[in-house]
1. Rounded, prolate or oblate: which one fits the range 44-90, using the alpha carbon gyration tensor with axes a ≥ b ≥ c (rounded when a/c is under 1.5, else prolate when a/b beats b/c, else oblate)?
2. For labels at ALA80 and ALA40 in the simple 7 Å Cα→Cβ model, what's the distance in nm?
Amino acid sequence: MRKIVLAAAVAGAALALSACSQKTEDAAATTADAAASDAAAVTTDAAAGASAAATDAAAGASAAATDAAASASSAATDAAAAASDAAKKM
């Protein structure tokens, strides 16, 4: 009789532990899913920020190149005019 009661107690304890283990496993899975979602959101935000920064940098470089080209064209025009004036004086 003792063995049956002891076996029933052990079986009950095993079932209780397995239920706790399942709850722990479910909680761990939920936590892992939440962490993965957070990481994905952070990565997406970082990629969007990097894209915006690259776009801004490209726009700045384009404006600088346009300004440099205008300055070079103006300098070339001035140099040509100076050369023409010098040739006329010869």
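Values in this text are rule-based calculations from the coordinates and carry no lab data. Computed from a predicted model, the values in this text were never measured in an experiment. Positions of Cβ are generated from backbone atoms using ideal geometry, with glycine treated the same way; all protein chains shown enter the neighbour counts.
1. It is prolate, given that a/c is not under 1.5 and a/b is the larger ratio.
2. Reported label-point gap for ALA80 and ALA40 is 6.0 nm.
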